[in-house]
Amino acid sequence: MGKIKFQKFLSVFLTHDYYKDNLCKDFEIIPSASTSQILKDFGILFKPHNSGAIFINEVVTDNGVDAPKFPIIGQYKLQLYFVLKNNYFQSFTDLEFSSKPVSIYYFNNLTPSISGQDYTISDSKLDEPIEFKNSNFKVEKATQNVVRIVLKGENSLSFEFPFKSTESNLEIDISVLPTGKYTLNQYNIGDSIVNTSEVYIDTQQLTRAVFAVFEVFIDETNNGALPVNYLFNFKSREVYWRYKLVKKVGSSINGSSSVTPVIVHGDTGPSKIVFDPPVGSDPIIYITTSAIKLKQSGIKNIQLKKGNNVVVSDLPNASVFTLGIDNNKWYSDIYVYYYE
């Protein structure tokens, strides 16, 4: 009996510039139930790993050319759930938070940035997440003259729900809607759109909290010899470092007690961190002039000095545990205690 031969069909790879090794291991990638059935039908094996997943399929060789044993015929949608394993991911990642009660981030492979066989899906700040629905939901009229709601999905799918004249809200029955992302438009009597929003509808979603959904649309073009690699390059959040020097009663540290302690970065050149002039007296507050990307590796040689004396040569860096928003800017508060 000959050996069974497999080749990579496609892959999903996650990176994050916060980490020293650039690998993003913060997610578990799980196919939906319908996707698992599609993979089974075409003999495709799903293999998750620490920073993504690969899909492999069985191939047969004809005249030295490998081809899928079960080629894709028609169009299909693979639905992958990104389940978050790190509770601090949203703190150190450059993304928008949502005021919506239940929301997810959404990606697909229809408009990626292409480089060879590598498709970059996300390479910048994540867009605001969209509302997620897994059961019937109600939509309030945006204005009194709204007469109908139209949900538009992929492949020109369109579903219309008319308002009764006496209704102020309308219940959407999602049992008639295929899983996917929809644009929800409210139309007035003059057939003009008066309100637009986005919603992701999925009755088969996992009971576990899902951070994002990645939809991969495949067809006959995926039967080629070269696999497709989908890259997610998450970016680190930029924050202002706010050192707060708190005076403690006790023995004097090096240097005269009358000399105000200062914070400086001992490096030179373009990587040097610059601080605004200090404010306050207790605490004395030093804030970086510009926002700095959070990094797992940290920045060395940030010093606490009194006069010409270096009291502490490596002060703590900004931490993902002490982040907050102040006047629409992200800050990390770092407390440093000193003795007069």
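The values are calculated or read from the model by the stated rules, or taken from the named source; none is laboratory data. These numbers were taken from a predicted model, which means no experiment stands behind them. Note that we place each Cβ from the backbone using ideal geometry, even for glycine, and neighbour counts take in every protein chain shown. Accessible surface areas use protein heavy atoms only, side chains included; no ligands, DNA or RNA. Shrake-Rupley method; radii C 1.70, N 1.55, O 1.52, S 1.80 Å.
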Distance violations [Cα-Cα > 32 Å] among K133/K295; K40/K138; K8/K300; K248/K329; K40/K235: K133/K295; K40/K138; K8/K300; K40/K235
Cα-based reach from K69 at 18 Å (exclusive), listing aspartates and glutamates while leaving out same-chain residues under 8 positions away: D41, E58, D219, E220
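What ranking, highest mean first, results for peptides 273-285, 142-154 when packing means the other Cβ atoms within 10 Å averaged over each residue?
So the order, starting with the most tightly packed, is 142-154, 273-285.
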Region 1-52 versus region 177-209: alpha-carbon centroid distance in Å: 29
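Kindly state, to the nearest 0.05, the FRET efficiency for N87 paired with T166, given R0 = 30 Å and r defined as their beta-carbon distance.
On the way: r = 46 Å, r/R0 = 1.53.
FRET efficiency, N87 to T166: 0.05.
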Per residue solvent-accessible surface (Å²) - region 127-286, probe of 1.4 Å: 52
Solvent exposure, largest accessible area first (probe 1.4 Å, DNA, RNA and ligands not counted), of F107, F214: F107, F214
Candidate aspartates and glutamates - alpha carbon under 19 Å from K306, same-chain residues fewer than 8 apart omitted: D267, D276, D282, D314, E340
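Got a number for carbon plus sulfur as a percent of region 30-90's accessible area, 1.4 Å probe? Numbers along the way, then the final one.
Values: 1650 of 3130 Å².
Here it works out to 53 percent.
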For the chain, convex hull volume per residue from C-alpha positions, Å³: 220
Amide H contacts of Y18 (H built 1.01 Å from N, under 5 Å, at least 5 apart or other chain): S236
Percent accessible area from carbon and sulfur atoms, region 262-324, protein chains only, probe 1.4 Å: 55
Built amide H within the under 5 Å cut-off of N109, gap 5+: E215, F217
Calculated P(r) of region 1-119 - Cα pairs past 23 Å, %: 44
Placed amide H near F9: partners under 5 Å, 5+ positions off or other chain: F55, I56, N57
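Once every DSSP H run of n ≥ 4 in the chain is given -39500 (n - 2.57) and the sum is divided by its residues, what mean residue ellipticity at 222 nm do you get, rounded to the nearest 500 deg cm²/dmol? Mind dumping the intermediate values first?
On the way: 2 runs with 13 residues, N = 340.
Helix contribution divided over all residues of the chain: -1000 deg cm²/dmol.
Quick one: compute the contact order of the chain, relative version, from alpha carbon pairs under 8 angstrom and 6+ residues apart, as a percent.
Values: 742 pairs, mean separation 66.7, N = 340.
Contact order relative to length: 20 percent.
Give me the percent of the accessible area of region 127-207 that comes from carbon and sulfur atoms, probe 1.4 Å, all protein chains in place.
Of the solvent-accessible surface of region 127-207, carbon and sulfur hold 43 percent.
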Accessible surface of Y81 - all protein chains present, 1.4 Å probe, nearest 10 Å²: 0
